[in-house]
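Novice: After the structure tokens below, expect a handful of questions from me.
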2 protein chains.
Amino acid sequence: MHTPLIDDLIAAFRVLPGVGAKSAQRMAYALLERDRKGGLRLAQALQTAMEKVGHCQQCRTFSETELCRICASPKRNSQLICVVESPADIAVIEQAGVFDGRYFVLMGRLSPIDGIGPDELALPQLEACLKEGGVVELILATNPTVEGEATAHYVMQIAKQHSVRVSRLAQGIPLGGELEYLDSGTLTQAFIARKEV
Amino acid sequence: MHTPLIDDLIAAFRVLPGVGAKSAQRMAYALLERDRKGGLRLAQALQTAMEKVGHCQQCRTFSETELCRICASPKRNSQLICVVESPADIAVIEQAGVFDGRYFVLMGRLSPIDGIGPDELALPQLEACLKEGGVVELILATNPTVEGEATAHYVMQIAKQHSVRVSRLAQGIPLGGELEYLDSGTLTQAFIARKEV
């Protein structure tokens, strides 16, 4: 029903997460009707980012420079390394402002079915860094999913081999959460890890 | 917190309808992490569409050729013209397969406050077409909003000057709708326009 170019555009929009046929069509028409300049700007930003954004040599997060801002900063505590699954996790943690150490980004999680093993997550690189010394504690901040837990367990064993202290983010009731709507897994964790007050 | 290029990309995504700060970030990271090829394809499709998609000389819908597929088709009934606000409306009507005439796309609706008058909607072009003769009926399919109704009223008067029959899409209860959840405006229309059975 659409013209070939509009069909192409609608199909291309569907690579975005959470965008189905209907929203893709809405996006295409909105830009064509009301904001072609914004569309061109988006095209340019996309192309530049897809081609130019690389990875930090040290922590593997996205970076346009050899070292990312955090790894390059002398203010960050290099004795603490927080292991996360993706660069988006760093953004959330930085926003909380609770951590002043450095990061190591796995860019995924162990998932043998999908062919993602320790090498794909650059775990040898993390191990080399621990071997060098200087790291006192490794904080495991992978997601509390089956794969995330398996990944955390694997990284923990590497750290123990090099006598580095390892911790895992606490699990429990989220702030502002209501018991009534909590899943039983979280509630179980909260009971098991309850603290005397 | 992000790198400058990622910041640019996130800002650029916000031109899309329904995309706020959080979804824009999610889209940027999803493409960077998992589908750079898809991202480049989207950049290319966007650029081509923004630059190459023009308007049909006859009905004003989006088209890469001088006449759109519908205006160029000898199978369509040229005695009927359906007036719609945007090209997306054509897509919906064509999907229903209920109409075999041609269209005229206003590319907007009358809105004096925003400086959108009859000239911006190319109404003189529509009038010239009616003057030429050959059009038997004009079907007004603008949206049932205040501006849409005002636009329909204005177009109706043009058509009457040229003795062309004018109709407006029926209003009432949508198929599969439940009375319980219907707004009172629609319900009022449904009562007023009730039909003896």
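The values are calculated or read from the model by the stated rules, or taken from the named source; none is laboratory data. As the structure is a prediction and not an experimental result, all values here were calculated from the model. Virtual Cβ from ideal backbone geometry, glycine too; neighbours counted across all protein chains shown.
Novice: Search region B:100-111 for residues that are more than 17 Å from B:E127 (Cα to Cα) and pair each with any residue that is polar (S, T, N, Q) when their beta-carbon atoms are under 6 Å apart and the residues are at least 6 apart or on different chains.
Specialist: B:D100/B:N77; B:G101/B:N77
Novice: With respect to the numbered conditions (1) aromatic (F, W, Y); (2) more than 30 Å from A:D114 (Cβ to Cβ); (3) out of contact with any Leu (no Cβ under 7 Å at 6 or more places or on another chain), which one is the sole condition not fulfilled by B:Y29?
Specialist: So B:Y29 meets the others, but not (2).
Novice: Under 7 Å between Cβ atoms, at least 6 apart or on separate chains: pull out the pairs that start in region B:132-154 with a residue that is in the same structural domain as B:V105 (by TED's automatic domain parsing) and end on any residue that is in a loop (DSSP other than H, G, I, E, B) and of a type in the set (S, T, N, Q).
Specialist: Partner pairs satisfying both residue conditions: B:P144/B:Q171; B:G148/B:T142; B:T151/B:T142; B:A152/B:T142.
Novice: Right, next: Kindly list the number of the only condition in (1) surrounded by 14 or more Cβ atoms within 10 Å (Cβ to Cβ); (2) more than 10 Å from chain A (Cβ to nearest Cβ); (3) at positive phi; (4) not basic (K, R) that fails for B:G108.
Specialist: (2)
Novice: Kindly indicate which of B:C68, B:C56 is over 28 Å from A:K52 (Cα atoms) and either in contact with a Pro (Cβ under 7 Å, 6 or more places away or on another chain) or facing chain A (nearest Cβ under 8 Å) (or both).
Specialist: Among B:C68, B:C56, only B:C68 is over 28 Å from A:K52 (Cα atoms) and either in contact with a Pro (Cβ under 7 Å, 6 or more places away or on another chain) or facing chain A (nearest Cβ under 8 Å) (or both).
Novice: Does A:S86 satisfy the condition of being closer than 30 Å to A:A152 by Cβ, touching an Asp or Glu at 6+ places or on another chain (Cβ under 7 Å) and within 9 Å of chain B (Cβ to nearest Cβ)?
Specialist: Working: closer than 30 Å to A:A152 by Cβ: yes; touching an Asp or Glu at 6+ places or on another chain (Cβ under 7 Å): yes; within 9 Å of chain B (Cβ to nearest Cβ): yes.
For A:S86, the condition - closer than 30 Å to A:A152 by Cβ, touching an Asp or Glu at 6+ places or on another chain (Cβ under 7 Å) and within 9 Å of chain B (Cβ to nearest Cβ) - is met.
Novice: Count, please, the residues in region B:4-22 that happen to be more than 7 Å from chain A (Cβ to nearest Cβ) and buried (at least 17 other Cβ atoms within 10 Å of the Cβ).
Specialist: Qualifying residue count for the region: 2.
Novice: Return only the number of the condition from (1) among the aliphatic types (A, V, I, L, M); (2) crowded, with 21+ Cβ neighbours inside 10 Å; (3) within 19 Å of A:E33 (Cα to Cα) that B:L31 does not satisfy.
Specialist: (3)
Novice: Shifting gears a bit: So which residues in region B:161-187 are surrounded by 12 or more Cβ atoms within 10 Å (Cβ to Cβ) and either hydrophobic (A, V, I, L, M, F, W, C) or not in a loop (DSSP other than H, G, I, E, B) (or both)? I'd like the intermediate steps shown before the answer.
Specialist: Within region B:161-187, the first condition is being surrounded by 12 or more Cβ atoms within 10 Å (Cβ to Cβ), and the residues that meet it are B:162, B:164-169, B:171-173, B:177, B:182, B:186-187.
Residues satisfying the conditions are B:V164, B:R165, B:V166, B:S167, B:R168, B:L169, B:I173, B:L182, B:T186, B:L187.
Novice: When the residues of region A:34-45 are filtered to those that are within 7 Å of another protein chain (Cβ to nearest Cβ) and in a helix (DSSP H, G or I), which remaining residue is surrounded by the fewest Cβ atoms within 10 Å (Cβ to Cβ)? Let's see the steps before the verdict.
Specialist: Start the filter on region A:34-45 by keeping residues that are within 7 Å of another protein chain (Cβ to nearest Cβ), which leaves A:35-36, A:38-43, A:45.
With the extra rule that they be in a helix (DSSP H, G or I), the set shrinks to A:36, A:38-43, A:45.
Details: A:R36: 15, A:G38: 17, A:G39: 24, A:L40: 18, A:R41: 17, A:L42: 26, A:A43: 22, A:A45: 21.
Here the residue is A:R36.
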